[in-house]
Amino acid sequence: MGTLSGLLVTVRTARQGAEMVSDKHGAPYIEEISTLRIHQDDLAELGLEDGGKAALASEHGEIRVFCKAAETPRGLFFLPLGPVANVLFSVHSAKESGVPNWKGIEVTVTGGEGPDKPSGPGQRGES
Amino acid sequence: MTTHDNVVCTFCGCLCDDLEVDVEDNAIKAVRKACLIGKNKIMNALSHAPAIRVNGREASLGAAVEEAARILGEAKNPLVYGMSSTTSEAQREMVDIAEMIRANLDNPSSYCHGPGVLARQQAGLVTCTLGEAKNRADLVIYWGCNPVEAHMRHLTRYSLQPKGLYTPEGRKDRKVVAIDIRQTPTTKRADLFLQVTPGHTFEIASVLRALVNGLEPEFQDGREEVAGVPMESWRRVVEMIKACKYGVLFFGLGVTQCRNTDINVEQVSRLVQDANKHVRFSALAMRGHGNVNGCNQVMTWQTGFPLAVNFSRGFPRHNPGEYSVVPMLARQEVDAALIVATDPGAHLPADAVRFLKTIPVIHLDPHENLTTPWATVVIPVAPVGVAAAGTFYRMDNVPLRVKKMVESPHPSDEDVLKAIKEKIRHVAHT
Amino acid sequence: MLRIHNGLIYDPANAVNGEAGDVIIHDGVIVSGAGLSEKQKRDMETIDASGCAVLPGGVEIHSHIAGAKVNNGRILCPEEHRSHVSARTSLTRAGCGLCVPTTFRTGYLYSKLGYTTIFEAAVPPLEARHAHEELMDMPLLDKGCYTVMGNNHLVMQVLKDPDRAARKERLRELASWLLRASRGYAVKVVNPGGVEDWKWNAGAADLDTPTPPFGVTPRQIVTALAEAADELKLPHSMHLHCNHLGEPGNLETTLATMRALEGRRVHYTHLQFHSYDKTKKGGFRSGAARIAEYFNKHPEFTCDVGQIVFGPTLTMTSDAPMEFKLFQMRKGKWASGDIEMESGSGIVPISYAPKILVNAIQWSVGLELMLLINDPWRIFLTTDHPNAGPFTAYPEIIKLLMDADYRMSWLEKLHPRVRRATGLFEITREYTLEEIAIITRSGPARALGLAAKGHLGAGADADVAVYRLDQDRRAMFSRPVYVLKGGAVVVRDGEIVDTPNGRTLCVDPEGGRSLPQDLAETFDGFYTVKMANYMVEDEYLERPEVVPCG
């Protein structure tokens, strides 16, 4: 299984919105916010099938995600806004205006390191 | 069964006001005309309400209000935060409380569309109500936004398809441009899609300004491209701008959260001002939370500033980046927080949430969310627009009254905040 | 009962001019002292007003203080707020700003000048809830707002009707409906046709420029709306901001508009901005004398002045194309907002300086109008706040009017060519205290049809301002000793001592309960809100008081 470096961009998705307002503790919401959109060729480089699991790490934290092939540029990864993505960001990544770098944080993706189920927001190793 | 017509959806800044909702035995039975998100939001409005809790134990409303007032009254540097999904009536109470306890006051726009608000301080914004887009826009530009997924009815009600007064053919009467870093369901609807490399909003706006003003940029390296897109395409966009009668540019978080944040929007705003030398042109921010614009409005008329205000000296001081919520939590200076109608557990960086867990947090929300499990005082409230009425401000500043259709066992944000305020006042006087 | 004792009473509406006496208040209303014994009077709670002038509370006829445009102005100038702040006290809310103060602070600042009633000058119905919400957060004042109609599509649709009788009837109904929808007080017209023209990127509108695509002219709009306001017997006439604001030579348009409206009640707002002549080369010069000469012969008209105040301020108006022109000259910040089917708005910061010839002329034109229009019941003191300057400059303007020597002393501070371009420095008239009372309270109250305001006779609302007599009229009017609102003392020695909220003043004209079919279809087709969600609900009115029509 390979590793790729690139930029992570947080985005809205229709399903994330629809599930967020239904139940933030429900499985569909957690599944959606743990689904990474990534280019087919990047997937192949990671040695993953569509839907495969990966670990995503920034300097601030690490999460487990599902990878979904999408029409995205290579090297750019897209994850819905939410508590899963937020592990990768930090209050210290905010610039002068007080906005964290939600639209571009350097990450590495490593294929195949996910557990059977993606980590939910309540399962992260927080103090 | 009662059917409520002309119901206003409270989810996003579109505030669609044509919904039909069936109510029977104080329960929502059906929602029509809404988008999927709006429908789910209303159908689930009364479900998953948290119990009233103090320190994790169930408590009475009176005890929770009393504890909230005690925490806020004793705090030395509290944070009053949120407001983006409640009524302006509740927001007005939030500002009053913040003043009273000399708190820091902020709303989620400080890390979303706040940079656009700051740009309005620097340059102003030429804008219009959504009906002008519907009735007049023969050129629509979507820049860094994806309304098909985030503002689902925006295209049909306001910007792309509607048949307006001077756009009788709807979509056919409009040219549509999309600028984004990836293909989205929205960019697929455009006549011209410019897929740009990330992080170059300022350069793009600058080059468009130059072209609108008749200047040709020079390229030292001979590569005639900006943000990975050839100049030819940018020239084409400017030709479309100059050829239209009434253009409207919709910008999203892709513009405001791109590196340089506020100066991006300032440059976009200047571009729109420049375009008005040739044609009529407006820009509109695609505001997310239903009443996040209301937070900016209420804070502005009561404190003079749309976000990031500090009351420690008794009068409002404004310094984004200092009194904005994220840097404030980074410095770990606040010692208590009142958080209403937003869910920091879901929206803020993980280390911000970790810090919030170390201080007393009072949280009002209609639902169990990712803040309720750990907040010190949890008070469930009636969902606005379903079980509580009040005012919401649409993304274009049009204020609408959201309605009460069913009874909730819980009071509204506004009522709880009033009770907390009275309690703080009472404690201060005795 | 409460007695304001032994002040010199200035109550021009009741022909009382500086006579010593008592004002007696019961239950928020002024009552006659005729039947009361001296003992009864002595036993009352008494305010000693010896050495003071006692006037009705001030009535502001035209000010931009609340609503979408004003709040955009607040967003636009954080730098303005930093240098003017007020901390929260046990009584008052925190706030900031001078030219665009926060809402609570606006209430306090007006109150501290002795004002008790105020009208927000331009509210588009689609954004009316916003204006009302802000007005609810503006304590100490009774308040209302004017509904803008001069570029409204439904109005123009009606005016297209070739049948004169039907047109008249339909417009009256529509004006009534728009007032109901917005909970407005008066019909406001701003640059008729011109705001819509600019949405088509067309140039400035003349009185006879047809407005696309309706083909209706500004002349038709103003004459028809003035007539509708009259026929509805609204307490206030049509409130008109003419075409070509701020342009040299615009007095021709202003005079042509006045001629077109002869015989009807009309209020011309910020007339100063519409009274410019031009030199052969197209430069600025005062047209105040010609305007005043005409205006003096037409008792059916009233106006307010819009006096320039030197210093930085913010221009903000529904006249969006005017602001676009201003932006092109100044290049700084510019906010603008087109409002579907009805209106627009624009904001540009500005600074008026005495050494800039145009500004010096504008300053002179306002004073000339106030000194040359001989009936104080028809010209009122305003700064079109904040367009010509903040309302807090009223005491300074009063001094300029009452003290000719002081006024003359300004000549050396102004651009040297101002004397050639205006007639101000040839005028020796000085206002009396009675005349000041008229142009700041009794006159506007009468023009607004407020029977219970602007006077101190029995039955009047107990809104009273008490000023210590001082030959320095600026000092005198800067700091009232007492201000009473609805019988409660709210200001003592220039400081706020109580903060009751005022009432919302509105009207209940005949008709206008619904829109006819064709207009309802236009509404349903082209607004982006449902009609049911357009009508401002009762919740947005604070203790509403319906001022009767007729």
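I want to confirm something. Restricting to region B:172-182 and keeping residues that are more than 14 Å from chain A (Cβ to nearest Cβ) and under 11 Å from B:I141 (Cα atoms), which single residue is surrounded by the fewest Cβ atoms within 10 Å (Cβ to Cβ)?
Of all residues in region B:172-182, those more than 14 Å from chain A (Cβ to nearest Cβ) come to B:172-177.
Subset that is under 11 Å from B:I141 (Cα atoms): B:174-177.
Numbers: B:R174: 22, B:K175: 17, B:V176: 21, B:V177: 22.
Among them, the one singled out is B:K175.
Please give the number of the condition B:F202 fails out of (1) surrounded by 14 or more Cβ atoms within 10 Å (Cβ to Cβ); (2) more than 14 Å from every other protein chain (Cβ to nearest Cβ).
The number of the failed condition is (2).
Restricting attention to region C:103-111, does a residue exist that is open to solvent by less than 10 Å² (accessible area, probe 1.4 Å) and in contact with a helix residue (DSSP H, G or I) (Cβ under 8 Å, 6 or more places away or on another chain)?
First, the residues of region C:103-111 that are open to solvent by less than 10 Å² (accessible area, probe 1.4 Å): C:103, C:106-107, C:110-111.
Cutting the leftovers down to in contact with a helix residue (DSSP H, G or I) (Cβ under 8 Å, 6 or more places away or on another chain) gives us C:103, C:110.
Within region C:103-111, one or more residues are open to solvent by less than 10 Å² (accessible area, probe 1.4 Å) and in contact with a helix residue (DSSP H, G or I) (Cβ under 8 Å, 6 or more places away or on another chain).
Among (1) at pLDDT 95 or above; (2) facing chain A (nearest Cβ under 9 Å); (3) under 30 Å from A:Q16 (Cβ atoms); (4) open to solvent by 10 Å² or more (accessible area, probe 1.4 Å), where does B:A285 come up short?
(2)
Those residues that are buried (at least 21 other Cβ atoms within 10 Å of the Cβ) and either more than 13 Å from chain A (Cβ to nearest Cβ) or part of a strand (DSSP E or B) (or both), I need them from region B:358-372; list them, please.
Matches in region B:358-372: B:P360, B:V361, B:I362, B:H363, B:L364, B:D365.
Being farther than 24 Å from B:G390 by Cβ and among the hydroxyl-bearing types (S, T, Y) is the requirement here; does B:Y81 meet it? Outline the logic, then answer.
Working: farther than 24 Å from B:G390 by Cβ: no; among the hydroxyl-bearing types (S, T, Y): yes.
Considered against the rule, which asks whether it is farther than 24 Å from B:G390 by Cβ and among the hydroxyl-bearing types (S, T, Y), B:Y81 comes out as no.
For region C:370-406, name all the residues that are among the aliphatic types (A, V, I, L, M) and either part of a helix (DSSP H, G or I) or open to solvent by 30 Å² or more (accessible area, probe 1.4 Å) (or both). Spell out how you get there, then give the answer.
First, pick out the residues of region C:370-406 that are among the aliphatic types (A, V, I, L, M): C:370-373, C:379, C:381, C:388, C:393, C:397-398, C:400-402, C:404.
Of everything in region C:370-406, those that are among the aliphatic types (A, V, I, L, M) and either part of a helix (DSSP H, G or I) or open to solvent by 30 Å² or more (accessible area, probe 1.4 Å) (or both) turn out to be C:M370, C:L371, C:L372, C:A393, C:I397, C:I398, C:L400, C:L401, C:M402, C:A404.
Filter region C:407-445 down to the residues that are in a helix (DSSP H, G or I) and more than 28 Å from the chain's Cα centre (by Cα) and list them by number.
C:S409, C:L411, C:E412, C:K413, C:R419, C:R420, C:E426 - these are the residues of region C:407-445 that are in a helix (DSSP H, G or I) and more than 28 Å from the chain's Cα centre (by Cα).
With respect to B:R235, is the statement that it is modelled with pLDDT under 95 and either acidic (D, E) or assigned by TED's automatic domain parsing to the domain that holds B:V176 (or both) true?
Details: modelled with pLDDT under 95: no; either acidic (D, E) or assigned by TED's automatic domain parsing to the domain that holds B:V176 (or both): yes.
Criteria not met by B:R235.
Residue by residue, here is whether (1) over 30 Å from C:E127 (Cα atoms); (2) modelled with pLDDT of 95 or more; (3) buried (at least 23 other Cβ atoms within 10 Å of the Cβ); (4) within 14 Å of chain C (Cβ to nearest Cβ) holds:
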{"site": "B:V95", "(1), (2), (3), (4)": "no, yes, yes, yes"}
{"site": "B:A103", "(1), (2), (3), (4)": "yes, yes, yes, yes"}
{"site": "B:L130", "(1), (2), (3), (4)": "no, yes, yes, yes"}
{"site": "B:L139", "(1), (2), (3), (4)": "no, yes, yes, yes"}
{"site": "B:Y166", "(1), (2), (3), (4)": "no, yes, no, yes"}
{"site": "B:G170", "(1), (2), (3), (4)": "no, yes, no, yes"}
{"site": "B:T184", "(1), (2), (3), (4)": "yes, yes, yes, no"}
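Filter region B:105-128 down to the residues that are facing another protein chain (nearest Cβ under 7 Å) and part of a loop (DSSP other than H, G, I, E, B), then identify the one that is surrounded by the most Cβ atoms within 10 Å (Cβ to Cβ).
If we take residues in region B:105-128 being facing another protein chain (nearest Cβ under 7 Å) and part of a loop (DSSP other than H, G, I, E, B), then B:G124 is surrounded by the most Cβ atoms within 10 Å (Cβ to Cβ).
Six or more apart or on different chains, Cβ atoms under 9 Å: show the pairs whose first residue is in region A:99-111 and under 15 Å from A:A44 (Cα atoms) and whose second is among the β-branched types (V, I, T) and surrounded by 20 or more Cβ atoms within 10 Å (Cβ to Cβ).
If the second residue must be among the β-branched types (V, I, T) and surrounded by 20 or more Cβ atoms within 10 Å (Cβ to Cβ), the pairs left are A:V109/A:I38; A:V109/A:V65.
Look through region B:1-21, keep the residues that are open to solvent by 20 Å² or more (accessible area, probe 1.4 Å) and hydroxyl-bearing (S, T, Y), and return whichever of them is nearest to the other protein chains (Cβ to nearest Cβ).
B:T3
In contact with a Ser or Thr (Cβ under 9 Å, 6 or more places away or on another chain), within 14 Å of chain B (Cβ to nearest Cβ), outside any helix (DSSP H, G or I) and open to solvent by less than 10 Å² (accessible area, probe 1.4 Å): is that true of C:E133 in this structure? Give the derivation first.
Working: in contact with a Ser or Thr (Cβ under 9 Å, 6 or more places away or on another chain): yes; within 14 Å of chain B (Cβ to nearest Cβ): yes; outside any helix (DSSP H, G or I): no; open to solvent by less than 10 Å² (accessible area, probe 1.4 Å): yes.
Answer is no for this residue.
Applying the selection to region C:149-175, what residues are within 21 Å of C:V190 (Cα to Cα) and assigned to a loop (DSSP other than H, G, I, E, B)?
C:M149, C:G150, C:N151, C:N152, C:K160
Quick test for you: out of C:A94, C:A131, C:A87, C:A186, pick the one residue that is touching a Cys at 6+ places or on another chain (Cβ under 6 Å) and closer than 29 Å to C:V490 by Cβ. Give the derivation first.
Numbers: C:A94 fails: touching a Cys at 6+ places or on another chain (Cβ under 6 Å); C:A87 fails: touching a Cys at 6+ places or on another chain (Cβ under 6 Å); C:A186 fails: touching a Cys at 6+ places or on another chain (Cβ under 6 Å).
After applying the criteria, what remains is C:A131.
Being outside any helix (DSSP H, G or I), among the small types (G, A, S) and within 16 Å of the chain's Cα centre (by Cα) is the filter here, so list the residues in region C:446-475 that pass it.
Of the residues in region C:446-475, the ones outside any helix (DSSP H, G or I) are C:448-472.
After this cut, where a residue has to be among the small types (G, A, S) as well, the list is C:449, C:451-452, C:454, C:457-460, C:462, C:465.
C:G449, C:G454 - these are the residues of region C:446-475 that are outside any helix (DSSP H, G or I), among the small types (G, A, S) and within 16 Å of the chain's Cα centre (by Cα).
So which residues in region B:295-335 are open to solvent by 10 Å² or more (accessible area, probe 1.4 Å), touching a helix residue (DSSP H, G or I) at 6+ places or on another chain (Cβ under 8 Å) and assigned to a loop (DSSP other than H, G, I, E, B)?
Within region B:295-335, B:P320, B:G321, B:E322, B:Q332 qualify.
Any idea which of B:V23, B:V31 is under 25 Å from the mean Cα position of the chain (by Cα) and of a type outside the set (F, W, Y)?
Working: B:V23 fails: under 25 Å from the mean Cα position of the chain (by Cα).
So the residue among B:V23, B:V31 that is under 25 Å from the mean Cα position of the chain (by Cα) and of a type outside the set (F, W, Y) is B:V31.
Taking region B:40-68 as the region of interest, how many residues are hydrophobic (A, V, I, L, M, F, W, C), outside any loop (DSSP other than H, G, I, E, B) and within 14 Å of chain A (Cβ to nearest Cβ)? Walk me through how you get there before you give the answer.
Narrowing region B:40-68 to residues hydrophobic (A, V, I, L, M, F, W, C): B:42-43, B:45-46, B:49, B:51-52, B:54, B:59, B:61, B:63-65, B:68.
Right, trim to outside any loop (DSSP other than H, G, I, E, B) and you get B:42-43, B:54, B:61, B:63-65, B:68.
Within this subset, residues satisfying the condition of being within 14 Å of chain A (Cβ to nearest Cβ) are B:42-43.
Matching residues across region B:40-68 total 2.
I need the full set of residues from region B:257-266 which are in a helix (DSSP H, G or I) and open to solvent by less than 30 Å² (accessible area, probe 1.4 Å), in order please. Can you show your working first?
Residues of region B:257-266 in a helix (DSSP H, G or I): B:262-266.
The answer is B:N264, B:V265.
Based on what the data block shows, is C:G525 out of contact with any helix residue (DSSP H, G or I) (no Cβ under 7 Å at 6 or more places or on another chain), small (G, A, S) and within 14 Å of another protein chain (Cβ to nearest Cβ)? Steps first, please.
Numbers: out of contact with any helix residue (DSSP H, G or I) (no Cβ under 7 Å at 6 or more places or on another chain): yes; small (G, A, S): yes; within 14 Å of another protein chain (Cβ to nearest Cβ): yes.
Answer is yes for this residue.
Condition check: touching a Cys at 6+ places or on another chain (Cβ under 7 Å), among the β-branched types (V, I, T) and either more than 10 Å from chain B (Cβ to nearest Cβ) or more than 21 Å from B:N293 (Cβ to Cβ) (or both). Does C:V123 satisfy that? Spell out the reasoning first.
Values: touching a Cys at 6+ places or on another chain (Cβ under 7 Å): yes; among the β-branched types (V, I, T): yes; either more than 10 Å from chain B (Cβ to nearest Cβ) or more than 21 Å from B:N293 (Cβ to Cβ) (or both): yes.
The answer is yes for C:V123.
I'd like the residue in region C:7-19 that is open to solvent by 70 Å² or more (accessible area, probe 1.4 Å) and in a strand (DSSP E or B) and, out of all such residues, is nearest to C:G454 (Cα to Cα).
Only one residue fits best here, namely C:N17.
Working only within region B:75-104, note down all residues that are part of a helix (DSSP H, G or I) and either of a type in the set (K, R) or under 19 Å from B:F355 (Cβ atoms) (or both).
As a first pass, look at region B:75-104 and keep what is part of a helix (DSSP H, G or I): B:88-100.
Residue satisfying the conditions is B:R92 alone.
Residues being surrounded by fewer than 18 Cβ atoms within 10 Å (Cβ to Cβ), within 14 Å of another protein chain (Cβ to nearest Cβ) and without any contact (Cβ under 8 Å) to a residue 12 or more places away in the chain: count how many of those fall in region B:23-39.
Adding up the residues that qualify gives 0.
Would you pick out the residues in region B:379-404 that are more than 21 Å from the chain's Cα centre (by Cα) and more than 14 Å from every other protein chain (Cβ to nearest Cβ)? Steps first, answer last, please.
Here is the first cut: in region B:379-404, the ones more than 21 Å from the chain's Cα centre (by Cα) are B:379-380, B:387, B:404.
Selection gives B:I379, B:P380, B:A387.
The values are calculated or read from the model by the stated rules, or taken from the named source; none is laboratory data. Note that the coordinates shown come from a computational prediction; the quantities given were computed from them, not determined experimentally. FYI the Cβ positions are ideal-geometry reconstructions off the backbone, even for glycines, and counts take in every protein chain you see. Note: areas computed on protein heavy atoms with side chains; ligands, DNA, RNA excluded. Shrake-Rupley method; radii C 1.70, N 1.55, O 1.52, S 1.80 Å.
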